[in-house]
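Notes to accompany the following structure.
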């Protein structure tokens, strides 16, 4: 149960992880056992919405690839990526589990709650509309993902508590 400053309460079902964003945009995570973590650092622009980000729905989920002049692909980092990273194998039986956006399958990445893992964001620019140094990464809840630029790519540190 969450109690707001105005005394209003809201009850959430137990047994599953939950994300809560307060009235100031701060994001908190409540795990299935009721442990609260946060607030987390919010990225520039906060949670992506149709009003502030092209190609996302009201839940911050990508529905279309709209940026021109940039392509970002995600890859495992040898000897650094520890937990599951599943790219689509194009097995007809398995592809039904993967989300597809504009003809591209979105991979799955697992990071246990309370732990971190690294992944590579390979950036390819074509044209001068986008500057790699201006890129930043965030979750669908608007939480900043730590990213270190190394050449033409970024090493992202993902936190297990950053739930979708």
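Bear in mind that the values in this text are calculations on the coordinates, not laboratory data. Keep in mind the model is a prediction, meaning the values are calculated, not measured. Neighbour counts run over all protein chains shown; Cβ positions are idealised from the backbone, glycine included.
Below, the figures for the structure above:
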item: MRE, 222 nm, helices only [DSSP H, n ≥ 4, -39500 (n - 2.57), over the chain, to nearest 500]; result: -500 deg cm²/dmol
item: Quotient of Cα Rg and 2.2 N^0.38 Å for the chain, N being how many residues it contains; result: 1.13
item: Separation between Cα centres of the stretch 113-132 and the stretch 59-87, rounded to whole Å; result: 8
item: Spin-label pair residue 26/residue 101, simplified geometry with 7 Å Cα→Cβ offset, distance in nm; result: 2.9
item: Radius, Kirkwood style, for the stretch 73-164 when every pair of distinct Cα atoms is counted (Å); result: 14.6
item: Per-bin percent of Cα-Cα distances, the stretch 1-93 [5 Å]; result: 2, 9, 12, 14, 17, 19, 13, 7, 4, 1, 0
item: For the chain, built as a Gaussian network whose Cα springs stay under 10 Å, the top-fluctuating residue of 132, 43, 121; result: 132
item: The chain: relative contact order in percent, alpha carbon pairs under 8 Å with at least 6 residues between; result: 22
